[in-house]
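Trainee: Take a look at the following structure, please.
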Amino acid sequence: MTNMMDIVVSIAVAAVPIIGGYLVKFLTSNKKLMSLMSWMDVIAHDAVIVIQKLGVDTYLEGQLKKVQSL
């Protein structure tokens, strides 16, 4: 049973770069998607600022410390 799992994991690990390469090729050839991706940087930056101003980041850090202490 372990040998079969090793084979499945090996195939999955080998398939990741192949699928990743195909996905990158597809994404870079799609102009609408590239336009959307260029806006994601701006949106992500603004989202981080909003989260910090609302104090969500400190709340999450507090919850993480609480969980780790248990």
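Derivation of every value follows stated rules applied to the coordinates shown; laboratory data play no part. Fair warning: this is a prediction, and the values are worked out from it, not measured in the lab. Neighbour counts run over all protein chains shown; Cβ positions are idealised from the backbone, glycine included.
Trainee: Over all directions, how big on average is the projection of the convex hull of the alpha-carbon atoms in the chain, in square nanometres?
Mentor: So the mean shadow area of the Cα hull is 8.8 nm².
Trainee: Based solely on its DSSP helices, what 222 nm [θ] is calculated for the chain when runs of n ≥ 4 H residues each add -39,500 (n - 2.57) and the sum is averaged over all residues, nearest 500 deg cm²/dmol?
Mentor: -33000 deg cm²/dmol
Trainee: Rank the residues VAL48, VAL67 as a footprinting-exposure proxy: fewest other Cβ atoms within 10 Å of their Cβ go first.
Mentor: Ranked by crowding around the Cβ, least crowded first: VAL67, VAL48.
Trainee: Here's a follow-up. Report the calculated FRET efficiency for LYS53 and ASN30 (r = Cβ-Cβ distance, R0 = 35 Å), to the nearest 0.05.
Mentor: E between LYS53 and ASN30, to the nearest 0.05, is 0.55.
Trainee: Could you give the size of the charge dipole of the chain about its Cα centre, using +1 on the Cβ of each K and R and -1 on the Cβ of each D and E, expressed in debye and rounded to the nearest 20?
Mentor: 180
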